[in-house]
Amino acid sequence: MRNIWDEMRRIQDNMNTLFSNFFSTEPLIGSEFLLEDGSGKRKDMVSSNYRAPISDLYETDKEVIAELDMPGVDKKDIKVNVTKDSIEIKAEKKKEVKEEDKKKGMFRLERSFAGFYRSFALPNNVDADKANAEYKDGVLKITVPKLKIEEKKKKLLEIK
């Protein structure tokens, strides 16, 4: 039986997904992280144990920066996919506790799984090939430099 808080979290997750992908032309399509087994079938992210990490996305004159809080995740468990129009981050935390005491006749095995998933749309003037990521103290920082776009020359026309 589900309680009211589980239902509220599901609704919140659905709304977060809706708003985070609002400006994408085809949100979450073609994403290699969402493919279940390489067959082209998409996973249902809402029903999984993935949650959106607390994130900041901002830009300067020279780059677009995404910072995500992902406490307790090992660097090796984080996957980042950067394309010319999006950033996609997926991280998984797996934990297994096994305890056995044959003298007391006790055996305990606990497993847990959780993960983070987030995607952002990028402006069209970024250089995805030069993107980099660093993970320190539970914070993932992704930096994507902007392309240098030459200012178009203007010519004032004389009207005849």
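The values are calculated or read from the model by the stated rules, or taken from the named source; none is laboratory data. Because the structure is a prediction, the values reported are computed rather than measured. We place every Cβ from the backbone using ideal geometry, glycine too, and count neighbours over all the protein chains shown. For accessibility, only protein heavy atoms count, side chains too; no ligands or nucleic acids. Shrake-Rupley method; radii C 1.70, N 1.55, O 1.52, S 1.80 Å.
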Sole exception among (1) under 17 Å from the mean Cα position of the chain (by Cα); (2) under 30 Å from Glu150 (Cβ atoms); (3) at pLDDT 80 or above for Glu59, by number: (1)
Residue ID - nearest to the chain's Cα centre (by Cα), chosen from residues in region 70-80 that are loosely packed, with under 15 Cβ neighbours inside 10 Å and touching a residue at least 40 places away in the same chain (Cβ under 8 Å): Lys79
Matching residues in region 103-160 - criterion: being open to solvent by 70 Å² or more (accessible area, probe 1.4 Å), in a loop (DSSP other than H, G, I, E, B) and closer than 30 Å to Phe19 by Cα: Asn124, Asp137, Leu147, Lys148, Ile149
Of all residues making up region 91-114, the number that are small (Gly, Ala, Ser) and at pLDDT 85 or above: 1
Residue pairs meeting the criteria (Cβ under 7 Å; at least 6 apart or on separate chains; first touching a residue at least 24 places away in the same chain (Cβ under 8 Å), in region 88-99; second of a type in the set (S, T, N, Q) and surrounded by 10 or more Cβ atoms within 10 Å (Cβ to Cβ)): Glu88/Ser31; Glu88/Asn81; Glu88/Ser119
Some residue of region 133-155 being within 24 Å of Ile11 (Cα to Cα) and touching a residue at least 12 places away in the same chain (Cβ under 8 Å): no
Tally, over region 83-137, of residues that are of a type in the set (Val, Ile, Thr) and closer than 18 Å to Ala52 by Cβ: 2
Single condition Lys90 does not satisfy, out of (1) part of a loop (DSSP other than H, G, I, E, B); (2) among the basic types (Lys, Arg); (3) under 30 Å from Thr60 (Cβ atoms): (1)
